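Novice: Below are the structure tokens for one structure; questions will follow.
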Amino acid sequence: MISVVIPAYNEEENVPLLYEKLKKVLDALGEEYEIIFVDDGSTDRTPEILKKLAEKDPRVKVIRFRRNYGQTAALQAGFEYAKGDVVITMDADLQNDPEDIPRLLEKLNEGYDIVSGWRKDRKDPFLSRKLPSAIANWIISKVTGVKLHDYGCTLKAYRSDITKRYRLYGDMHRFLPALAKRFGAKIAELPVKHHPRIYGKSKYGIDRTLRVILDIFLVKFLNEYITRPLYLFGGLGFLLFFIGFLLGLYLTFVKLVLGQDIGHRPLLILSVLLILSGIQLVSTGLIAELIVRTYYESKGEKPYVIEETINLEERKGHDASA
Ligand code: UDP
Ligand code: MG
């Protein structure tokens, strides 16, 4: 079964058109499917339109948020309710093309867990959208090690084994493939069509740049240090402490052996500062370790994902999620 998850925020003109196109493509596939619209607190006629669609077609399902929570929350809700073995996500604004879905599914069946759309010929303004996005894609690829040309394309196909593991907060929808690296997802990229937005307005501007940069740090941290935060904080802490300690030794030597005054020396302040921040960082690392343990234990989760077991019985508890 295929679940299509579509976040929609004030897309009244687009939703009916998208439904028609989507229905055609999905009917032709000849598989069972559901279309889950997540109305992200729209203030236009989107909710009524979705309600009508759902009354006519029981395969249309609607999650309606009380207010606007953002695209990440909408996707997370869709993932939680999706019943399919395969989950397709796409925008409601007709910029993604449902006709690409069969190709995404084909690629997925070659043995991937995520097939990510690549808007090779993207129809958006250059300066405000395409350039920042190109830079962001480059940085995210470098930092996370998951190399994709287009992180921002919502049109993707996932195995539900992956989508069920996501615990998304903030603006994490931009990093879904990178986050899936934590549970060993095999990821492929496929060029898809992209259309200019005709109805309604884009919900994002250039202001998201700073948030994206901070989020990159978060993703890197989640991917590499979530199960051992002490290595990150403690490593840096020890380094700073050690440098501070050496400076302190040198100053002690200057004072006791050479008999010079050290009270006025900037080096003294630096030494004290380094020692203190070193201790702080190590303690932060230790506290982070406790928090991580609480996190996994409280959810009964394991910090690893098992592909298969042989000659072993099922055990209680779940694998990792992010
Ligand atoms: N969207 C949403 N909640 C928001 C902002 C956007 O559900 O707070 C939806 C929006 O309706 C669209 C998709 O997310 O279906 C992508 O938004 P948009 O087209 O504005 O982004 P862009 O294509 O300009 O990056
Ligand atoms: Mg769009």
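Novice: Mind checking the angle between helix 266-299 and the chain's longest principal axis? C-alpha axes, 0 to 90 degrees, to the nearest 10.
Specialist: Roughly 40 degrees, rounded to the nearest 10.
Novice: For K147, go through the lysines and keep the ones whose alpha-carbon is under 24 Å away, minus same-chain ones fewer than eight residues off.
Specialist: Hits, sequence-local ones excluded: K107, K120, K123, K130, K156, K164, K181, K186, K193, K220.
Novice: Ok, one more. If you count only protein heavy atoms with a 1.4 Å probe, what accessible area per residue comes out for segment 106-213, rounded to a whole Å²? Don't skip to the answer; put the middle values down first.
Specialist: Details: 5460 Å² over 108 residues.
With all protein chains present, segment 106-213 gives 51 Å² per residue.
Novice: Dipole of segment 175-248 (Lys/Arg Cβ +1, Asp/Glu Cβ -1, origin at the Cα centre): which of I213, L230, A180 lies farthest to the positive side?
Specialist: My answer, from the dipole projection, is A180.
Novice: Provide Rg over Rh for the chain; use the alpha carbon set for both Rg and the Kirkwood Rh (inverse mean inverse pair distance). Working shown, then result.
Specialist: On the way: Rg = 25.0 Å, Rh = 22.4 Å.
Rounded to two decimals, Rg/Rh equals 1.11.
Novice: Expressed as a rounded percentage, what relative contact order does segment 1-152 have, with Cα pairs under 8 Å and six or more residues apart? Working shown, then result.
Specialist: Numbers: 213 pairs, mean separation 41.5, N = 152.
Rounded, it is 27 percent for segment 1-152.
Novice: Across segment 234-250, in residue order, what do the Karplus-derived ³J(HN,Hα) couplings come to in whole Hz, using 6.51 cos²θ - 1.76 cosθ + 1.60 with θ = phi - 60° and x for Gly and Pro?
Specialist: Using θ = phi - 60°, the values come out as x, x, 5, x, 4, 4, 4, 4, 5, 4, x, 5, 4, 4, x, 4, 4 Hz.
Novice: Pairing the Cα long axis of helix 71-81 with the longest principal axis of the chain, what angle in degrees results, from 0 to 90 and rounded to the nearest 10?
Specialist: 60
Novice: So, one more: Over the Cα atoms of segment 1-101, what radius of gyration and what Dmax do you get, in Å?
Specialist: For segment 1-101, the Cα-based Rg and Dmax read 12.2, 36 Å.
Novice: Show Y169, Y112, Y250 ordered by accessible area, largest first, where the area counts protein heavy atoms only and the probe is 1.4 Å.
Specialist: Numbers: Y169 170, Y112 65, Y250 105 Å².
The ordering from most to least exposed comes out as Y169, Y250, Y112.
Novice: Still on this model: Cα axis of helix 46-56 to longest principal axis of the chain: angle in degrees, 0 to 90, nearest 10?
Specialist: Helix 46-56 sits at roughly 50 degrees to that axis.
Novice: Further, regarding this structure: Hey, which lysines would be in cross-link range of K24, C-alpha to C-alpha under 16 Å, not counting anything within fewer than 8 residues on its own chain?
Specialist: K56
Novice: Enumerate the lysines that K61 could reach by cross-link, defined here as Cα to Cα under 16 Å, with residues fewer than 8 away along the same chain left out.
Specialist: Result set, ordered by chain and number: K23, K51, K52, K83.
Novice: Have a look at the DSSP beta bridges in the chain and tell me what percent are antiparallel, nearest 5. Mind showing how you got there, number by number?
Specialist: Values: 7 of 30 bridges.
For the chain, the DSSP antiparallel bridge percentage is about 25.
Novice: Given the whole protein assembly as supplied and a 1.4 Å probe, what does the accessible area of L246 come to in Å², nearest 10?
Specialist: The accessible area comes out at roughly 90 Å².
Novice: Using just the helices of the chain, give the 222 nm mean residue ellipticity in deg cm²/dmol: DSSP H runs with n ≥ 4 each add -39,500 (n - 2.57), and the total is spread over all residues, rounded to 500.
Specialist: Numbers: 10 runs with 149 residues, N = 322.
Mean residue ellipticity, 222 nm, calculated: -15000 deg cm²/dmol.
Novice: Counting only protein chains, not ligands or nucleic acids, how are E20, E297 ordered by accessible area (probe 1.4 Å), most first? Please report the intermediate quantities before stating the final value.
Specialist: Working: E20 100, E297 145 Å².
The ranking, largest first, comes out as E297, E20.
Novice: Which is farthest toward the positive dipole end of the chain among Y81, G278, G152, measuring Cα position about the Cα centre, with Cβ charges +1 (Lys, Arg) and -1 (Asp, Glu)?
Specialist: Positive-end residue among those listed: G278.
Novice: Below 8 Å, C-alpha to C-alpha, sequence gap of six or more: please give me the relative contact order for the chain in percent. Display every interim value, and only then the final one.
Specialist: Details: 514 pairs, mean separation 54.5, N = 322.
Worked out over the chain, it gives 17 percent.
Novice: Roughly how many Å² is the accessible area per residue of segment 227-322, as a whole number, for a 1.4 Å probe?
Specialist: Values: 7140 Å² over 96 residues.
Value returned for segment 227-322: 74 Å² of accessible area per residue.
Novice: Which of L105, L53, L256 moves most in a GNM of the chain, Cα contacts under 10 Å?
Specialist: L256
Novice: Which whole number of Å³ per residue matches the convex hull of the alpha-carbon atoms in segment 238-322?
Specialist: Output value, Cα hull per residue: 136 Å³.
Novice: Same structure, new question: Given Cα pairs under 8 Å that are at least 6 residues apart, what percent is the relative contact order of segment 1-78?
Specialist: On the way: 125 pairs, mean separation 30.3, N = 78.
Relative CO of segment 1-78 lands at 39 percent.
Novice: Determine the share of the chain's accessible area contributed by carbon and sulfur atoms, expressed in whole percent, with a 1.4 angstrom probe. Don't jump to the answer; show the numbers that get you there.
Specialist: On the way: 10860 of 17940 Å².
Summing carbon and sulfur atoms, their accessible area is 61 percent of the total for the chain.
The values are calculated or read from the model by the stated rules, or taken from the named source; none is laboratory data. What you see is a predicted model, and the numbers here were worked out from it, not measured in a lab. FYI the Cβ positions are ideal-geometry reconstructions off the backbone, even for glycines, and counts take in every protein chain you see. To get the accessible areas, we keep the full protein, side chains included, count just its heavy atoms, and leave off ligands, DNA and RNA. Shrake-Rupley method; radii C 1.70, N 1.55, O 1.52, S 1.80 Å.
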